[in-house]
Structures are given as structure tokens and as C-alpha cells.
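K.L.:
The structure's right below; bear with me while I get my questions together.
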Amino acid sequence: MNENRIPRRPPGPADAHATSAPTSSAADWGLLLLRLTFGLLMAAHGAQKLFGLFGGGGLTATGQAFAGLGYRPGKVFAAIGGGSEFLGGLGLAFGVLTPLAAAALIGTMINAMVTVTGAHGLWDSDGGVEYNVCIAVAALAVAAIGPGRFSVDHYLPWGRGGWPEAAVALGLGGAGAAVTLAL
């Protein structure tokens, strides 16, 4: 009985192109553009805090600002925050340990929302969480989608993205933020 068989059409010339894997696609290049732009800007943002580059205050000034927010010792927490942005940004930019890089940025943005922007509502123009939410969601999306073909992680088990990678990024980011806020 062949009732359960789905009839197949014979392969034609159009199918020959569909079966060969493309060397790259617009999605591959788009994801690379997103990762490089977002990741390198986040790394530069961290470098402002850590090294005083790009008009930043450096670790001493950032530590004083963190102390003013209630983080004690301020300089240690400034190093943690700046390091998370710097290393998390580089990790996303180059697609290295992508779920962990995303977790570093997510945790830092949760801390920023709780201690700085959360009391000001949604919009960045009012000092709100808009910017922090965008960063956290972009990092989570890259973990969920995966870093793409042009990444160091591409050939590693977590290099394809998925629910487990997104859960690791969100879970570790949230746990890191909770521990930092509890100290």
C-alpha cells in the first residue's frame, strides 16, 4: 500500500542549486555586521571605564561614580562592569564563547537598569531603561541565533545558537547581576 507515501517530483535544474550549500548569505554578512558593530562599540564602552579611552574617565573616576551608586569598593565593581562590557563586547564581535559574552552584557545591563535607569521610566531621553534594554536584548538575540558562519564559535557545539544557549546567556547574566546587587 502506497497510500502513506508522499509523491516526489523528479529533481530538476533548480534543485541542483538548492542542494549545494552557499559559501555565504546575506544573513551571514548581516549577522557579522551586527556582531562587529554592537560588540566593538560595547568593548569601547568598557574601555572608557577601564582605560580612560575614547573620552572615558578610566578606572579611578569610574570607581568613584560606582561608589556613588552604592557599589563598595567602587573601583572593584567598576573593573567588573567595565571588564564585562569590554570582554563581552569582544566576545560577541568575534563570536568567541558567545553565550558567555552575551551573559556578561546582560548582567551588566540588568545592574544598570536596577541602580541607574530603572527609576526614570522607559525612555532614554528621560534617563530611562530604553538603551539598557536594547543592549540586553541584542546580546540575548545573538546568543539565541548563534554567532553565524563568520565566527570562532561556528564549529563549536554552542556555535549554532538555540534555546540552551539563550538560556545560559540569560540565566548566567541574571545570576551574575543578582549576586552583584546583593553584595
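The values are calculated or read from the model by the stated rules, or taken from the named source; none is laboratory data. Because the structure is predicted, anything quoted here is derived from the model rather than measured. Cβ sites come from the backbone with ideal geometry, for glycine too, and all protein chains shown count toward neighbours. For the accessible areas, the whole protein counts, side chains as well, though only heavy atoms, and no ligand, DNA or RNA atoms are used. Shrake-Rupley method; radii C 1.70, N 1.55, O 1.52, S 1.80 Å.
K.L.:
Do we find a residue being at pLDDT below 95, surrounded by fewer than 20 Cβ atoms within 10 Å (Cβ to Cβ) and either not in a helix (DSSP H, G or I) or not hydroxyl-bearing (Ser, Thr, Tyr) (or both) anywhere in the stretch 28-47? Working first, answer last.
P.N.:
Taking the stretch 28-47 as the starting set, the residues that turn out to be at pLDDT below 95 are 28.
Now drop any that are not surrounded by fewer than 20 Cβ atoms within 10 Å (Cβ to Cβ), which leaves 28.
Filter once more, so that each one left must be either not in a helix (DSSP H, G or I) or not hydroxyl-bearing (Ser, Thr, Tyr) (or both): 28.
Yes, there is a match, as at least one residue in the stretch 28-47 is at pLDDT below 95, surrounded by fewer than 20 Cβ atoms within 10 Å (Cβ to Cβ) and either not in a helix (DSSP H, G or I) or not hydroxyl-bearing (Ser, Thr, Tyr) (or both).
K.L.:
Something else now. Say we look at the stretch 80-130 and pick out the residues that are among the acidic types (Asp, Glu) and within 25 Å of residue 35 (Cβ to Cβ); which of these is surrounded by the most Cβ atoms within 10 Å (Cβ to Cβ)?
P.N.:
Residue satisfying both the conditions and the ranking: 85.
K.L.:
Mind checking whether some residue in the stretch 90-112 is at pLDDT 95 or above, more than 30 Å from residue 157 (Cβ to Cβ) and either touching a Phe, Trp or Tyr at 6+ places or on another chain (Cβ under 6 Å) or assigned to a helix (DSSP H, G or I) (or both)? Step through it out loud before you land on a result.
P.N.:
The initial filter retains those residues of the stretch 90-112 that are at pLDDT 95 or above, namely 90-112.
Filter once more, so that each one left must be more than 30 Å from residue 157 (Cβ to Cβ): 112.
From what is left, the residues that are either touching a Phe, Trp or Tyr at 6+ places or on another chain (Cβ under 6 Å) or assigned to a helix (DSSP H, G or I) (or both) are 112.
Taking every residue of the stretch 90-112 in turn, at least one turns out to be at pLDDT 95 or above, more than 30 Å from residue 157 (Cβ to Cβ) and either touching a Phe, Trp or Tyr at 6+ places or on another chain (Cβ under 6 Å) or assigned to a helix (DSSP H, G or I) (or both).
K.L.:
Turning to a different aspect of this structure: Which condition breaks for residue 150 when tested against (1) outside any helix (DSSP H, G or I); (2) more than 27 Å from residue 27 (Cβ to Cβ); (3) of a type in the set (A, V, I, L, M, F, W, C)?
P.N.:
With respect to (1) outside any helix (DSSP H, G or I); (2) more than 27 Å from residue 27 (Cβ to Cβ); (3) of a type in the set (A, V, I, L, M, F, W, C), residue 150 is out only on (2).
K.L.:
Still on this model: Please identify the pairs in which a residue from the stretch 139-161 that is over 21 Å from residue 86 (Cα atoms) has its Cβ atom under 6 Å from the Cβ atom of a residue that is open to solvent by 80 Å² or more (accessible area, probe 1.4 Å), counting only partners at least 6 apart or on another chain.
P.N.:
161/145
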